[in-house]
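The values are calculated or read from the model by the stated rules, or taken from the named source; none is laboratory data. Quick caveat, the model's predicted, so the values are computed rather than measured. Don't worry about glycine lacking a Cβ; one is built from the backbone with ideal geometry, like all the others, and counts go over all protein chains shown. Heads up: the accessible areas ignore ligands, DNA and RNA and are worked out on the full protein's heavy atoms, side chains in. Shrake-Rupley method; radii C 1.70, N 1.55, O 1.52, S 1.80 Å.
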Amino acid sequence: MKCKKCGEKASVNMRQHRMALCLDHFIEWIPEQTERFIKKYNMFTREEKILVAVSGGKDSLSLWDILIRLGYKADGLYLGLGINEGIGYSEESHRLTDEFARKNNLRLHVVDIEKEYGHSIPILSQISHRGYGKPCSVCGLSKRHEMNRIARDLGYDVLATGHNLDDEAAVLFGNTLQWEADYLLRQGPVLPGMDGLARKVKPLCRFYEREMTAYAIARRIEYIYEECPFAEGSTQIFYKEALNQLENSRPGVKLTFYLRFLEARRSGDLFVQKEAAQAHLHPCEKCGQPTSAPDLCSFCRMLEKADTTGSS
Ligand code: Q46
Ligand code: ZN
Ligand code: ZN
């Protein structure tokens, strides 16, 4: 197979675009496309301050790399979750993120959940009795809260995450199977900001996971290969595998699923549009972040419960 741009031997074949590229052209094509998506979905401008949530994985480090190559002002945020089962997941991902920032002369903020709140994510999950033994619900809640807090306190305009098309299609698949109208209405490349909530963007949402792996390798980015030990057996992975099976026999089906959804959501065709739940938000009494609960947001409630249970 030949590269579409130069005719040399191609290294990456993107069946969904009926296009193959050599490595040199592939690592140029990825930022060009990212720039196109940033503009198309009005994610941010070159004047805005971007905070990239970096986990040490291929997607978030590649996103940081791409934004810097494109000339955006992007700093990183690493959250220490204290997940040290198996290979020492948190320690290793922190090390790799630090190294990337240092090599590229980039600014990295580090927040360690245990230092900040007294307990690591697995412990918080145990003592708050959320998530039926898996720390993922406490982890997700804490990550959202902390990313928002840092973005707001340090004056960032926008928070960027490295979600790729496989992540987005799997979430969409799950929400469609359960017909979660509220979640469906909020899913997209941009979640607008509001008082106390930073705008959230996903510049890689149209790239397949395998493209991001190829990019990270081609750019010689050292990232953590292992998944978080708690990801094993998750519903998300099950949906990803199901979609990959469909993709194998129908190349492009994942991308079409996601893009047609965005189109339907934009035009309002498929949904009985509901009043956005955001209209009823007010500041949490403790941390000030918007919440629909009467007094404390779910993160502060979880911490309060963990503190009472943990100290009894
Ligand atoms: S939620 Fe769950 Fe992930 Fe947190 S505990 Fe690990 S698998 S890192 S995206
Ligand atoms: Zn080429
Ligand atoms: Zn709160």
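See the values below:
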| item | result |
| --- | --- |
| Distance between the stretch 81-124 and the stretch 153-230 - C-alpha centres, whole angstrom | 19 Å |
| DSSP-defined beta bridges in the chain - what % are antiparallel, rounded to 5 | 35 percent |
| Total formal charge among the other residues, if their Cβ is under 15 angstrom from that of GLY174, Lys/Arg +1 and Asp/Glu -1 | -3 |
| Between helix 253-267 and the chain: long-axis angle, C-alpha atoms, 0 to 90°, nearest 10 | 60 degrees |
| Cα-centre dipole for the chain with unit charges at Cβ (Lys and Arg positive, Asp and Glu negative), debye to 20 | 1120 debye |
| Calculated from backbone phi, Karplus (6.51, -1.76, 1.60) coupling profile of the stretch 188-197 in Hz, x at Gly/Pro | x, x, 9, 10, x, x, 8, 3, x, 10 |
| Inter-label distance for THR213 and LYS40, nm, one decimal - labels placed 7 Å from Cα along Cα-to-Cβ | 2.4 nm |
| 5 angstrom amide H check on LEU108, placed H, neighbours 5+ away | GLY76 |
| DSSP-loop trypsin sites (Lys or Arg not before Pro) across the stretch 59-108, with at most 11 other Cβ within 10 angstrom | ARG107 |
| Volume of the Cα convex hull of the stretch 56-159, divided per residue and given in Å³ | 105 Å³ |
| TYR225-VAL253 FRET efficiency (beta carbon distance; Förster radius 25 Å; 0.05 resolution) | 0.40 |
| Cα-based radius of gyration of the stretch 41-311 once divided by 2.2 N^0.38 Å, which approximates compact folds | 1.01 |
| Global form of the stretch 195-248, assessed from the alpha-carbon gyration tensor, a/c cut-off 1.5 | rounded |
| Residue-normalised accessible area of the stretch 41-311, given per residue in Å² at a 1.4 Å probe | 51 Å² |
| Hull shadow area, averaged, the stretch 121-168 [alpha-carbon convex hull, nm²] | 4.4 nm² |
| Computed [θ] at 222 nm, helices only, for the chain once each DSSP H run of length n ≥ 4 contributes -39500 (n - 2.57) | -15000 deg cm²/dmol |
| Lys, Arg +1 and Asp, Glu -1 on Cβ, resulting dipole of the stretch 99-249 about Cα centre, debye, nearest 20 | 440 debye |
| Local net charge near VAL12, Cβ-Cβ under 15 Å (Lys/Arg +1, Asp/Glu -1) | +3 |
| Contour minus Cα-Cα distance for THR176 and ARG107 (0.36 nm per residue) | 21.0 nm |
| Full-extension gain in nm, HIS282 to LYS115, via 0.36 nm per residue minus C-alpha separation | 57.3 nm |
| Accessible surface of the stretch 41-311, 1.4 Å probe, proportion on carbon and sulfur as whole % | 51 percent |
| Neighbour-limited loop hits for GluC sites (Glu not before Pro), the stretch 13-87 (at most 16 other Cβ within 10 Å; DSSP other than H, G, I, E, B) | GLU47, GLU48, GLU85 |
| Signed unit charges on C-beta, dipole axis of the chain, positive-most listed residue ASN164, LEU255, LEU191 | LEU255 |
| Amide N proximity, the stretch 229-253 versus GLU263 label position 7 Å along Cα-to-Cβ, cut-off under 20 Å | 247, 250-253 |
| Cβ-Cβ FRET estimate between ALA242 and GLU28, R0 fixed at 35 Å, reported to 0.05 | 0.60 |
| For the stretch 1-79, alpha-carbon Rg over 2.2 N^0.38 Å | 1.27 |
